[in-house]
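Trainee: Take a look at this one; I'll ask things after.
The values are calculated or read from the model by the stated rules, or taken from the named source; none is laboratory data. Worth saying up front: this structure is predicted, and the values here are computed from it rather than measured. Positions of Cβ are backbone-derived with ideal geometry, glycine not excepted, and every protein chain shown enters the neighbour counts.
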């Protein structure tokens with residue numbers, strides 16, 4: 001069955017487990033804020049770095065996600081890429 005390949009994410013089992021959640025949130029917030037505020041090539045590059053990070057996390061967690069979770073995360077990635085293109 002397709003559901004057999006899914007396993008639950010175990011809190012504290014991944015490489016990002018040592019990163020405090022507020023620090024990760026602030027990093028994302030700062031990258032996004034600076035990218036939108038600076039605009040141009042620099043802003044697009046910052047948003048591109050953020051999109052690359054989201055894409056890596058999506059690729060790593062893809063087998064563990066339910067279809068609805070996959071759709072939502074792909075949508076977030078697409079919106080982020082569209083914003084990056086729009087600030088050019």
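Each row is one residue, and each column tells you yes or no for (1) out of contact with any helix residue (DSSP H, G or I) (no Cβ under 7 Å at 6 or more places or on another chain); (2) surrounded by fewer than 13 Cβ atoms within 10 Å (Cβ to Cβ); (3) in contact (Cβ under 8 Å) with a residue 24 or more places away in the chain; (4) more than 30 Å from residue 88 (Cα to Cα).
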{"residue": "19", "(1), (2), (3), (4)": "yes, yes, no, yes"}
{"residue": "23", "(1), (2), (3), (4)": "yes, yes, no, no"}
{"residue": "29", "(1), (2), (3), (4)": "yes, yes, no, no"}
{"residue": "36", "(1), (2), (3), (4)": "no, no, yes, no"}
{"residue": "41", "(1), (2), (3), (4)": "yes, yes, yes, no"}
{"residue": "56", "(1), (2), (3), (4)": "yes, yes, no, no"}
{"residue": "63", "(1), (2), (3), (4)": "no, yes, yes, yes"}
{"residue": "72", "(1), (2), (3), (4)": "yes, yes, no, no"}
{"residue": "77", "(1), (2), (3), (4)": "no, no, yes, no"}
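Trainee: Looking only at the range 52-66, count how many residues are modelled with pLDDT of 95 or more and either more than 16 Å from residue 78 (Cα to Cα) or more than 15 Å from the chain's Cα centre (by Cα) (or both).
Mentor: Residues flagged as modelled with pLDDT of 95 or more and either more than 16 Å from residue 78 (Cα to Cα) or more than 15 Å from the chain's Cα centre (by Cα) (or both) within the range 52-66 amount to 0.
Trainee: Looking only at the range 73-88, which residues are more than 18 Å from residue 38 (Cα to Cα) and either within 10 Å of the chain's Cα centre (by Cα) or modelled with pLDDT under 95 (or both)?
Mentor: Those that are more than 18 Å from residue 38 (Cα to Cα) and either within 10 Å of the chain's Cα centre (by Cα) or modelled with pLDDT under 95 (or both): 73, 74, 76, 77.
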